[in-house]
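K.L.:
Structure below; questions to follow.
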Amino acid sequence: MDQEFHKIYEEYGADLYRFIFCLCRNEHLAKDILQDTMLRAVTKADSFKGDCSVKTWLCVIAKNIWYDYLKKRPNSAEPLDTVGETADDSDFESKLADSEISMKIHQLLHKLEEPYREVFTLRVFAELKFSDIGTIFGKSENWAGVTYYRAKQKLIQMLKKENVL
């Protein structure tokens, strides 16, 4: 079992950590959730049906652990997470390099409703494919793409309203 854990951790640990960190925005919590995810994956390996990639399966496990954590939190009325950046139709990547604009995007993502916030985060930060995002939500690849596009448009409008773009 230790060897299985090590193999899974080596192959998926870094990507999974980035995904979890995007959800919780807390280094220590992300590490704890990563460890819990890996442990659950190894102990529940027989439940993996193979209808998605291992990486997607691990992200689903991590997301469920994160949601369990949120449910147990005493202050559950606070925003769920601090995630995200946006994409401008023209030259958004260069805007992200500007730390002031990047900070504003993170702030605006708090205001973005679900599932837009999470889909955007999964696409931008976790760099998941639309098919993987769709699988996480139990929806289609097309749904994930459309939801991402709408999230991007909403963020662009929010940035324009704030006179950032």
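We did not get these values from a lab; they are worked out from the coordinates using the rules stated. For clarity, every value in this text was computed on a predicted model and none was experimentally measured. Heads up, the Cβs are rebuilt from the backbone with ideal geometry, glycines too, and the neighbour counts pull from every protein chain shown.
K.L.:
Quick one: Debye curve from the alpha-carbon atoms of the range 92-161 only, equal weights, vacuum; give me log10 I(q)/I(0) at q = 0.11, 0.20, 0.27 Å⁻¹ to two decimals.
P.N.:
Debye curve over Cα of the range 92-161, log10 I(q)/I(0) at q = 0.11, 0.20, 0.27 Å⁻¹: -0.26, -0.80, -1.22.
K.L.:
Moving on to the next point. If I take R0 = 25 Å and measure r between the Cβ atoms of S47 and Q107 in this structure, what FRET efficiency does the formula 1/(1 + (r/R0)^6) give, to the nearest 0.05?
P.N.:
0.05
K.L.:
Shifting gears a bit: Give me P(r) over the range 2-72, computed from all C-alpha to C-alpha distances, binned every 10 Å, as integer percentages.
P.N.:
Histogramming the range 2-72 at 10 Å steps yields 21, 57, 21, 1 percent.
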